[in-house]
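Inspection log for the structure reproduced underneath, given as structure tokens.
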Amino acid sequence: MQNHGCKKNGPTFDRSHEKAVSLAIFETTMSDTIKHECGIAFVRLLKPLDFYLKKYGTPFYGLNKMQILMEKQHNRGQDGAGLANIKLYPKPGHVYINRIRSNDATPIKDIFQRIHQKVEAAVAADPSILKNPTWLKEHLEFTGEVFLGHLRYGTFGKNNIENVHPVSRENNWMTRSLVIAGNFNLTNIDELYSRLVDLGQYPSAKTDTVTILERIGHFLDRENEDKYRYFKEKGYSKREITDLLARHIDLKEILSLSARRWDGGYVIGGMIGHGDAFIMRDPCGIRPAHYYADDEVIVAASERAVIQTTFNVSYESVQELAPGHALMVRRDGNYSVERFIAPQEVHPCSFERIYFSRGSDQDIYRERKALGRLLIPQILKSIDDDIEHTVFSYIPNTAESAFFGLSEGLDATCAETRVKRIMAEKDHLTEERLHEILHYRPRIEKVAIKDVKMRTFITQDDERDDLVTHVYDITYGTVRPGQDNLVVIDDSIVRGTTLRRSIIRILDRLKPKKIIICSSAPQIRYPDCYGIDMSRLGDFVAFKAAIALLKERGMDYVIDEVYHKAKIQMGLDRSEVVNCVKKIYEPFTDQEISDKVAQIVTAPDIHAKVEVIYQSVENLHRAIPIHNGDWYFTGNYPTPGGNVVANKAFINFYENRNERAY
């Protein structure tokens, strides 16, 4: 835990509370583990602190709401969590910024437990302080008005406490102290780092976090210097200038100058020591952000539904922060939403809707159901329309919404069939036959069960694979051996490792004649560089399938050609770079790649025939029309840096370099 009063410039990192955490075989509920998308939470209290005590019965209203916002977004980060708080109008000599971070196995629980332990100790000494918000603000940590929280899923670097947000850049002048936390990845970090060095800075590390912190900090310093000279020339005293700076810092100008060369996806929250705060979103809208404001609070979070739940407000009252815009909250409580960067084509992340965000958002829930429903024509073709001899199920738990859509669509299909059969046989329909027709419906079962996380320190492959197999369990008796097809839907298939080692192996024990694995997402073919841990092409089962097909058909020269073209591209200005990796997939249909994937994920000892069905890109956009960022599937990146990363990832693959492409 860190408290900040007056300290020097430069990023500071709390190195306390480092703990060793055992490695989980599988951490997420989808079949392939992906680390991704951090989450942010922001609360600004607009009323005096005693207002919340009188209305809500607690002086810790803001802190409690932050805990809920963060817990409701724990899906966005389990590697670490952090919280920072600023106290407005502090007395000189008093700490006004509190910060705490944790990389514990349960980081959200850990940080709030540590905060509450200090509160409980103070209350034990004097219970009356709970009725005195002014005393609490002056003497206890995290009792201020401005809160910024963060949940971390690490896409790069070790899970050290140094990598957990919020991070800070401190100064004796409150208007120069800066705290930031964000969900971001930049593709041009080398260029930005070099520019900082050219400015005369000495950044402590070449990372997105340090670069963004120092770049915003640089323009914050410059804004302070410019305004200080202006007010000094007007004849104001130094004490007067301190207050004038707090009232006249141009947040929009600082953010505009800071972000003008950023290439990537980002949502960044920040607080300046005197109390101004901001939430900024990239101009392509790649990463999500939402906000809510009334006369008591201003709130921001990565996801809309968590704001609705935490504050019990309607869907319509929570606004999406528009791409290229910043929510800026001044120390006096006034706020505005303004564009801070030139507009670009908007391409919000579709994978956010398929998997990452909580399915409790009404739009996301509807979209995921549509993804499941749109798979029905391919599924019916695969089973030769034999619904009566097919069991339908899903991989727990994030595929559940898509499965509901699939089930509803199958119900509708069966209902149409029942009507047609009744009408066709109405002249000679017996009661027995009518009952038979009416019972024609899809067989829905919960076949796969996700067990608790299984942790192991075993390194022998055979022993480890046996444990991996049992990450999932099955419901026996749901499939008629040798007679039934088994259709199972998952939200996506990335690497295929878990399918081969666990899911297909455990499903095969039910002895179906055919296993059809359906992905509600299209084939993941290209690396991500905007915040998701998918940067190595060689990890993707669809890419492996395409490479295997090229080699099988004597087309190895295509691999060599793409490599040489990618190497040439690396010498061009990033605005001229094209995605050479698309050439790898051009010779094949989607079906050919899907069939090859099925071969790859099927171990030699599997008895059932295995087929893999992917969502089409066309149907993806039918189900999710607004969030059209589909670069994972099409290679159409929203920023020039995406093409650079795709080519670099292929070069790494070709040269057998197991490293990140950006």
- buried (at least 18 other Cβ atoms within 10 Å of the Cβ) and outside any helix (DSSP H, G or I) - does that describe any residue in region 309-319? yes
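Condition check: outside any helix (DSSP H, G or I), out of contact with any helix residue (DSSP H, G or I) (no Cβ under 7 Å at 6 or more places or on another chain) and touching a residue at least 12 places away in the same chain (Cβ under 8 Å). Does residue 181 satisfy that? Spell out the reasoning first.
Details: outside any helix (DSSP H, G or I): yes; out of contact with any helix residue (DSSP H, G or I) (no Cβ under 7 Å at 6 or more places or on another chain): yes; touching a residue at least 12 places away in the same chain (Cβ under 8 Å): yes.
So residue 181 fits the description; yes.
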- Query: Which one of 354, 341 is touching a residue at least 40 places away in the same chain (Cβ under 8 Å) and open to solvent by less than 10 Å² (accessible area, probe 1.4 Å)?
  - Reply: 354
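Search region 223-253 for residues being in contact (Cβ under 8 Å) with a residue 24 or more places away in the chain and touching a helix residue (DSSP H, G or I) at 6+ places or on another chain (Cβ under 8 Å), and hand back the single one that is most open to solvent (accessible area, probe 1.4 Å). First the steps, then the outcome.
As a first pass, look at region 223-253 and keep what is in contact (Cβ under 8 Å) with a residue 24 or more places away in the chain: 223-224, 242, 245-247, 249-253.
Adding the requirement that they be touching a helix residue (DSSP H, G or I) at 6+ places or on another chain (Cβ under 8 Å) leaves 223-224, 242, 245-246, 249-250, 253.
Numbers: 223: 16, 224: 4, 242: 63, 245: 3, 246: 6, 249: 2, 250: 63, 253: 82 Å².
So, considering only residues that are in contact (Cβ under 8 Å) with a residue 24 or more places away in the chain and touching a helix residue (DSSP H, G or I) at 6+ places or on another chain (Cβ under 8 Å), the one most open to solvent (accessible area, probe 1.4 Å) is 253.
A quick yes/no check of all residues on (1) over 26 Å from residue 351 (Cβ atoms); (2) at pLDDT 95 or above; (3) small (Gly, Ala, Ser):
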position: 256; (1), (2), (3): yes, yes, yes
position: 263; (1), (2), (3): no, no, no
position: 267; (1), (2), (3): no, yes, no
position: 272; (1), (2), (3): yes, yes, no
position: 277; (1), (2), (3): yes, yes, yes
position: 282; (1), (2), (3): no, yes, no
position: 285; (1), (2), (3): no, yes, yes
position: 292; (1), (2), (3): no, yes, no
position: 297; (1), (2), (3): yes, yes, no
- If we keep just the residues of region 346-359 that are at pLDDT 90 or above and part of a loop (DSSP other than H, G, I, E, B), which is nearest to residue 306 (Cα to Cα)? 348
- Report yes if some residue within region 130-152 is part of a loop (DSSP other than H, G, I, E, B), crowded, with 19+ Cβ neighbours inside 10 Å, modelled with pLDDT under 95 and more than 26 Å from the chain's Cα centre (by Cα); otherwise report no. no
- Residue that is nearest to residue 445 (Cα to Cα), among those in region 490-510 that are open to solvent by 10 Å² or more (accessible area, probe 1.4 Å) and out of contact with any strand residue (DSSP E or B) (no Cβ under 8 Å at 6 or more places or on another chain): 505
- Note on the structure: Of the residues in region 204-225, those that are modelled with pLDDT of 90 or more and within 21 Å of residue 280 (Cβ to Cβ) number 13
- Considering residues that are open to solvent by 70 Å² or more (accessible area, probe 1.4 Å), farther than 25 Å from residue 625 by Cα and in a helix (DSSP H, G or I), the number found within region 363-389 is 2
- Message: Taking the conditions exactly as written (assigned to a loop (DSSP other than H, G, I, E, B) and either open to solvent by 50 Å² or more (accessible area, probe 1.4 Å) or modelled with pLDDT of 90 or more (or both)), does residue 487 satisfy them or not?
- Response: no
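The values are calculated or read from the model by the stated rules, or taken from the named source; none is laboratory data. In this text the structure is predicted, and so the values were computed from the model without any measurement. Cβ coordinates were reconstructed from backbone atoms using ideal geometry, including for glycine residues, and neighbour counts include every protein chain displayed. Protein only, heavy atoms only, side chains kept; ligands, DNA and RNA dropped before computing areas. Shrake-Rupley method; radii C 1.70, N 1.55, O 1.52, S 1.80 Å.
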